[in-house]
Every structure is written in C-alpha cells, then in structure tokens.
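In what follows, a single structure is set out as structure tokens and then discussed.
The values are calculated or read from the model by the stated rules, or taken from the named source; none is laboratory data. These numbers come from a predicted model, not from an experiment. Counting neighbours? That spans all protein chains shown, and the Cβs are built from the backbone with ideal geometry, glycine included.
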Amino acid sequence: MTETQIRYFMKAFETGNITSASEELMVTRAAVSKAIISLENDLSHRLFVRNKTGITPTEAGEALYVRLNAQKSSYDSIEKYIKELGSESELPIRVGVTPTNIDAVYDILMEYQSMLKGRRINISEAKWNDLKELILNEKVDIAFLPIRDVSRSLPGYNAVRVYTTNVCLAVSPDHPYAQKKSVGVLDLVRTPLGYVSGVIPAERMIMTTCKSVLDIEPDVAIRSSSRELIHRLARSGSVAGVVSDSMRNEWPDLIFLPIDFAPPVDHFLIWKKDDTEQRIKDIVMFILDNLPLSQ
C-alpha cells in the first residue's frame with residue numbers, strides 16, 4: 001500500500017462518495033478511483049460497492065479503515081509526545097504557508113528567526129486544503145491560510161486576517177485583452193488558461209461559474225507547479241495565467257486583469273485557541289505587530 005492509496009481510500013471511506021473525496025483532496029475523480037482500484041488489486045479484495053448515490057464499504061473495506069485509523073491515531077499520539085519532550089525553548093516553530101503567501105511572509109519569518117537564540121523556524125509549503133489538514137492534525141503550530149469560512153472550517157482556532165488578494169488574469173502586453181480593465185466569463189472561455197497549481201483556491205469557482213453562465217468550461221491548457229513555466233507561456237501569449245495579484249511584483253512584464261466575478265481572497269494567520277506555549281504567543285505577536293493588517 002502506498003501513502004497515496006491509503007489517503008485516497010480513507011477520504012473516500014469518510015465521505016462515502018468518490019466525487020466528494022476528490023474535491024476535498026483537490027485531485028481529479030479519476031485519480032481517486034484509480035488509487036482505490038489499484039489498492040483493491042493489491043489486496044485482492046473489493047473495498048467498496050459502487051452505486052448511484054456513492055460508495056458503500058465492504059466488510060474488507062470496513063476492516064481496513066478501522067486498522068488504518070487506529071494506526072494513524074497511535075502514530076499521532078507518539079509523535080506529539082516525543083515532540084513535547086525537553087525544553088519548550090528548544091522546539092522549532094512549525095509554520096505552514098500556501099504558495100500564495102510564501103512570498104508575502106517569508107521575510108518577516110526570517111527576521112523573527114534572526115532574533116532567536118538556538119531556536120529555528122520550520123516552514124512547510126502546501127496547497128490550502130492540505131495545509132488546513134496539517135494544522136487540524138497539529139503538524140504545524142501556526143499557518144497562513146486563504147480560507148472563506150474560518151469559523152466553520154477551523155473551529156477552535158484563532159484567525160486574524162492579515163491581507164487580501166484578488167484573482168487575476170496575467171497576460172502579455174500584446175495579448176488581445178491587454179487593454180481591458182478587467183475580464184469576465186466570456187473572456188475566460190475565449191482564451192487558453194494556465195493555472196499555477198496551488199497558488200489560488202479559485203479554479204473550481206471559475207470552472208463552475210463559466211459552466212453555469214454559458215454552459216461552457218474554460219480551456220485549461222496547462223496546470224503546473226512551475227511558476228517559471230506559466231510565466232514564460234503567458235509572456236509568449238500561449239496562455240493567460242490565472243494567478244493572485246500578489247504575484248504582480250514577481251511578473252512585472254505582464255498585465256494583471258482582475259476577474260470581475262471572483263471575490264477577493266482573505267488570508268488569515270491561524271493558531272490554536274488553547275495554545276498557551278509562550279513560543280507561539282511570541283511569534284504571533286511579532287507577526288501581527290509587523291505585518292500590515294488588511295482593513
């Protein structure tokens with residue numbers, strides 16, 4: 001069993017639906033189905049019965065989930081215990097960021113680390129949904145996270161909005177849209193798009209809006225984690241990049257056009273409400289004192 005097979009299986013079991021699992025994992029439905037079928041082949045047992053409303057676990061599926069879940073709980077308990085051994089001042093401060101906000105907060109994190117004596121900051125970069133799981137599972141101490149409904153998604157956590165970004169189309173100065181002030185649904189379905197994977201949690205919203213308004217899905221020419229590749233393609237006019245306006249300074253040779261139906265994305269600093277460790281309080285106060293808050 002691979003880590004991916006286990007993760008996709010457990011999410012499918014918990015949601016009872018392949019589509020729901022794929023949305024929460026932010027992968028395609030086909031990827032989840034393929035992983036589960038591969039796992040079933042490896043184990044020589046069917047794990048789910050497929051039906052019109054979703055999936056129902058078989059006896060083998062129930063048994064596998066119970067054992068995997070127990071193993072995960074045991075591992076998490078041991079890991080937490082070991083990490084809490086020794087002096088609090090010796091523990092690293094674990095910070096989670098998304099690709100959107102790493103550029104905005106990296107300098108301030110390094111400034112704080114330069115003030116510390118013998119303590120370090122460990123930075124983990126992950127897509128927003130994966131980062132949410134990291135903080136819920138206490139794998140990071142604080143996180144910078146773009147999220148819409150904080151109270152529902154992260155109950156029991158403090159959340160302070162630190163800045164706001166907008167979803168934009170980045171095009172070359174020679175692109176037909178370059179003279180526009182903003183772009184809408186009709187514009188998006190008329191030009192090939194390039195997504196920087198994980199930078200903004202907006203792809204699903206854009207796809208859904210275009211489909212509901214025009215019954216047409218945008219032409220997504222490429223999704224890539226390489227900012228350099230998307231930038232090069234956008235600069236050549238091959239695609240229009242769907243990005244955050246926080247990348248404006250990174251790509252000064254492109255024109256950034258707001259997508260008029262995309263709401264602003266708020267970015268929050270998040271940490272656990274009952275976290276009384278002084279090391280966490282100290283860095284939170286430093287960040288809030290030095291990173292300008294959105295109004």
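Things worth noting here:
- Across the range 259-295, the qualifying residues are those that are under 24 Å from C210 (Cα atoms) and part of a strand (DSSP E or B), and the one among them that is modelled with the highest pLDDT is I259.
- The number of residues in the range 10-63 being acidic (D, E) and at positive phi comes to 0.
- Test: R46 is within 26 Å of the chain's Cα centre (by Cα) and under 19 Å from R67 (Cα atoms): no
- Test set (1) modelled with pLDDT of 95 or more; (2) of a type in the set (V, I, T); (3) crowded, with 20+ Cβ neighbours inside 10 Å - V196 fails condition number: (1)
- Residue in the range 169-182 that is farther than 30 Å from V97 by Cα, among the hydrophobic types (A, V, I, L, M, F, W, C) and out of contact with any Gly (no Cβ under 7 Å at 6 or more places or on another chain) present: yes
- Matching residues, the range 177-198, being over 30 Å from F268 (Cβ atoms) and within 25 Å of the chain's Cα centre (by Cα): V189, P192
- Qualifying residue in the range 151-168 (condition: more than 30 Å from K273 (Cβ to Cβ), polar (S, T, N, Q) and either more than 20 Å from the chain's Cα centre (by Cα) or buried (at least 18 other Cβ atoms within 10 Å of the Cβ) (or both)): no
- Residue within the range 159-171 that is farther than 25 Å from A104 by Cα and outside the structural domain of S22 (by TED's automatic domain parsing) present: no
- All strands (runs of 3 or more DSSP E) inside the range 204-258 with 1 or more residues being touching a residue at least 40 places away in the same chain (Cβ under 8 Å) and of a type in the set (V, I, T): 240-244, 255-258
- For the range 93-126, the set of residues classified as modelled with pLDDT under 80 and among the basic types (K, R) consists of K117, R119, listed by residue number.
For every residue, the table says whether it meets (1) more than 27 Å from F261 (Cβ to Cβ); (2) in the same structural domain as D245 (by TED's automatic domain parsing); (3) more than 17 Å from the chain's Cα centre (by Cα).
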{"residue": "D130", "(1), (2), (3)": "no, no, no"}
{"residue": "L136", "(1), (2), (3)": "yes, no, no"}
{"residue": "I147", "(1), (2), (3)": "no, no, no"}
{"residue": "H175", "(1), (2), (3)": "no, yes, yes"}
{"residue": "M207", "(1), (2), (3)": "no, yes, yes"}
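Conditions tested, residue by residue: (1) under 21 Å from D107 (Cα atoms); (2) of a type outside the set (A, V, I, L, M, F, W, C); (3) crowded, with 16+ Cβ neighbours inside 10 Å.
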site: R227; (1), (2), (3): yes, yes, yes
site: I230; (1), (2), (3): no, no, yes
site: S244; (1), (2), (3): yes, yes, yes
site: P252; (1), (2), (3): yes, yes, no
site: P258; (1), (2), (3): no, yes, yes
site: R279; (1), (2), (3): yes, yes, yes
site: I287; (1), (2), (3): yes, no, yes
site: N290; (1), (2), (3): yes, yes, no
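A quick yes/no check of all residues on (1) surrounded by 14 or more Cβ atoms within 10 Å (Cβ to Cβ); (2) assigned by TED's automatic domain parsing to the domain that holds K72; (3) at pLDDT 90 or above:
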position: R7; (1), (2), (3): yes, yes, no
position: T15; (1), (2), (3): yes, yes, yes
position: M26; (1), (2), (3): yes, yes, no
position: I36; (1), (2), (3): yes, yes, yes
position: N41; (1), (2), (3): no, yes, no
position: L47; (1), (2), (3): yes, yes, yes
position: R50; (1), (2), (3): no, yes, no
position: G54; (1), (2), (3): yes, yes, no
